[in-house]
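Shown next, in structure tokens, is the structure this report addresses.
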Ligand SMILES: [Fe+2]
């Protein structure tokens with residue numbers, strides 16, 4: 001079991017019995033009226049039906065698509081749309097915490113540690129529909145891959161927006177800083193990326 005899942009299970013247990021959030025408007029309202037230290041608890045209550053996120057769902061055959069649903073100075077809610085086999089690089093989280101909620105399909109999350117100039121695989125776990133995971137830099141590095149054989153969708157709640165992160169370049173065997181961008185923003189495709 002990954003460290004991320006230990007935290008996730010703890011959060012889910014801790015908030016068992018609390019009202020689930022099954023409406024996007026309600027989620028945005030709660031986020032806008034909560035402080036940063038309450039976001040992790042909100043992430044654990046996510047149960048948004050897939051139909052509500054259809055207006056934000058865009059895919060691209062060349063890369064997994066980052067579709068921004070909402071962004072404030074305090075949080076960022078992103079719908080990731082994955083074609084079969086698409087994967088993130090191994091990356092860190094720029095100091096920010098993130099909840100991942102699998103809306104549809106299956107993602108495999110692999111955790112890594114970097115030690116003595118070597119990337120070491122720590123654990124790998126498949127997240128099915130409804131699965132949740134939590135990630136922060138204290139847990140090392142991770143990557144997500146759509147191992148579903150069909151399209152997958154995941155909702156990501158970043159506690160503080162994240163504009164850059166460090167990814168592992170497998171060719172140079174080194175880390176490099178990358179800027180993150182959106183494929184769509186609030187339901188509109190970003191023209192620069194189309
Ligand atoms: Fe990540």
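Details
- Output for segment 109-159, where each listed residue is closer than 28 Å to residue 50 by Cα, more than 10 Å from the ligand (Cβ to nearest atom) and not in a strand (DSSP E or B): 128, 129, 130, 131, 147, 148, 149, 150, 151
- Any hit, segment 89-98, residues being crowded, with 17+ Cβ neighbours inside 10 Å, farther than 30 Å from residue 171 by Cβ and in contact (Cβ under 8 Å) with a residue 24 or more places away in the chain: no
- When residues of segment 50-75 are limited to those that are in contact with a strand residue (DSSP E or B) (Cβ under 7 Å, 6 or more places away or on another chain) and either in a helix (DSSP H, G or I) or at pLDDT below 95 (or both), the one farthest from residue 190 (Cα to Cα): 50
- You will find that of 136, 165, the residue that is modelled with pLDDT under 90, within 19 Å of residue 82 (Cβ to Cβ) and within 17 Å of the chain's Cα centre (by Cα) is 165 and no other.
- Within segment 80-104, the set of residues being in a strand (DSSP E or B) and away from the ligand (no atom under 14 Å from the Cβ) comprises 81, 103, 104.
The values are calculated or read from the model by the stated rules, or taken from the named source; none is laboratory data. From a predicted model like this one, the values you see are computed outputs, not experimental measurements. Every residue, glycine among them, receives a Cβ derived from its backbone with ideal geometry; neighbour counts consider all protein chains shown.
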